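Peer 1: To start, I am sharing the structure in question, which I have written as structure tokens.
Please treat every number below as a calculation from the coordinates, not as lab data. Quick caveat, the model's predicted, so the values are computed rather than measured. Cβ coordinates were reconstructed from backbone atoms using ideal geometry, including for glycine residues, and neighbour counts include every protein chain displayed.
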Amino acid sequence: MDNIREIILSAGGVLKKRYFESFSCAEKEKYDLVSEVDLEIEQMLISDLKSISFYSEECGEIGNQQGTRWIIDPIDGTANFIFGVPYFNISVCLEKNDQIVEAYVYNPITDEMYYSTEEKKASFLNDKPIHVSETSEIRNSFIVFGFSANIRNINRYYQECPLLFTDCKKGMGLLSPALNICNVARGRIDCFIDFGSNMEGHAGAALILENAGGSICNYDFSEWSHKTKGCIAASKNFYHRARDCYF
């Protein structure tokens, strides 16, 4: 574990340095951006982890070791990185036999490292244990939604979870699934909802949340699979309240 953390910290140092420099970016598809720094950090992690198999945000599947692979998002929150918003992270997790057993989420700007393992059944932020909030009422809740300035996506949330959107204490749109889920895990926010999050962004953070006492499911409230697009992540007390507010 310590070796993996050192690798991520080293990559995070490069990512932080590049944040303050100029770099190029491109559009992968409508509203989906990639920077040259994503590719730099991705190659750095793949090289340093020295594993046979990976799945990474930018290059997809690498290798063919059966049953074990590292899942990597070199910059989860690329839009924030490009726009100069210091809310992005490196996400790395280990998948064995379709289960996430080890997870790391690191924001190099704030120097915050979240991590957890299936073996320890606990989650940590910079070596201190973290736990979800005790909030249970919508009127007292802080909720994050996964959207940018896209009116179709915003309208979809309004249509599918109107009470959460209108009755919470404060709702925000933030583009970094791993950090959003980790902020639920540490008790800073009560719920994160995103119909578009991807495996490489939410897989590791989901383990961190669950081992901090939280709950996560697929966006349609089916049983959680980190390979499915979309998620609803919440504290244990708030999870069923959120479910009752849908549709």
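Peer 1: Per-residue HN-Hα couplings for the range 81-93, Karplus 6.51 cos²θ - 1.76 cosθ + 1.60 at θ = phi - 60°, whole Hz, x for Gly and Pro?
Peer 2: Each residue of the range 81-93 in turn: 4, 5, 7, x, 9, x, 10, 7, 7, 9, 10, 9, 8 Hz.
Peer 1: How would you rank Ser47, Ser91, Ser136, going from fewest to most other Cβ atoms within 10 Å of each one's own Cβ?
Peer 2: The fewest-first ordering by Cβ neighbours comes to Ser47, Ser136, Ser91.
Peer 1: Over the chain, what relative contact order in percent results from Cα pairs under 8 Å that are six or more residues apart?
Peer 2: 16
Peer 1: Restricting to the chain, compute how many DSSP beta bridges are antiparallel as a %, nearest 5.
Peer 2: Taking every DSSP beta bridge within the chain, about 80 percent pair in antiparallel fashion.
Peer 1: Related question: Would you mind telling me which residue in Pro108, Pro74, Pro162 has the biggest mean-square fluctuation in a Gaussian network model of the chain, where springs connect alpha carbons within a distance under 10 angstrom?
Peer 2: Between Pro108, Pro74, Pro162, it is Pro162 that shows the largest mean-square fluctuation.
Peer 1: Is the range 191-247 rounded, prolate or oblate when judged by the Cα gyration tensor, a ≥ b ≥ c being the square roots of its eigenvalues, rounded requiring a/c under 1.5 and prolate requiring a/b larger than b/c?
Peer 2: oblate
Peer 1: On to the next question. Give the long-range amide H neighbours of Asn211: residues separated by 5 or more places, or on another chain, with amide H under 5 Å away, using H modelled in the peptide plane at 1.01 Å from N.
Peer 2: Under 5 Å from the amide H of Asn211 lies no amide H from a residue far enough along the sequence or on another chain.
Peer 1: Roughly how many Å is it from the Cα centre of the range 22-86 to that of the range 202-247, as a whole number?
Peer 2: Here the answer is 24 Å between Cα centres.
Peer 1: Straight-line reach from Lys17: which aspartates and glutamates fall under 14 Å, measuring Cα to Cα and dropping same-chain residues less than 8 apart?
Peer 2: Within the straight-line cut-off, Lys17 pairs with Glu36, Asp38, Glu40, Asp111.
Peer 1: Determine the shape class of the range 125-234: with a ≥ b ≥ c the square roots of the Cα gyration tensor eigenvalues, call it rounded for a/c under 1.5, and otherwise prolate if a/b is greater than b/c, oblate otherwise.
Peer 2: In terms of gyration-tensor shape, oblate.
Peer 1: Rounded, prolate or oblate, given the Cα gyration tensor of the range 2-129, with a/c below 1.5 counting as rounded?
Peer 2: oblate
Peer 1: Continuing with this model, one more query. Using the charge dipole of the chain (Lys, Arg: +1 at Cβ; Asp, Glu: -1 at Cβ; taken about the Cα centre), state which of Cys93, Phe142, Phe83 has its Cα farthest towards the positive end.
Peer 2: The one lying farthest along the dipole's positive direction is Phe142.
Peer 1: Please report Leu9, Leu15 as a ranked list, fewest other C-beta atoms within 10 angstrom at the top and most at the bottom.
Peer 2: Listed from fewest to most nearby Cβ atoms, that is Leu9, Leu15.
Peer 1: Still on this structure, please answer the following. So which residue, out of Lys170, Lys16, Lys120, gets the largest mean-square fluctuation from a GNM of the chain using Cα contacts under 10 Å as springs?
Peer 2: Lys120
Peer 1: As a quick test, which of the pairs Lys16/Lys121; Lys96/Lys121; Lys50/Lys227; Lys121/Lys227; Lys16/Lys229 have an alpha carbon distance above 25 angstrom in this structure?
Peer 2: Lys16/Lys121; Lys16/Lys229
Peer 1: Among Glu118, Glu21, Glu36, which one shows the highest mean-square fluctuation when the chain is modelled as a Gaussian network with alpha-carbon springs under 10 Å?
Peer 2: Looking only at Glu118, Glu21, Glu36, the biggest GNM fluctuation is shown by Glu21.
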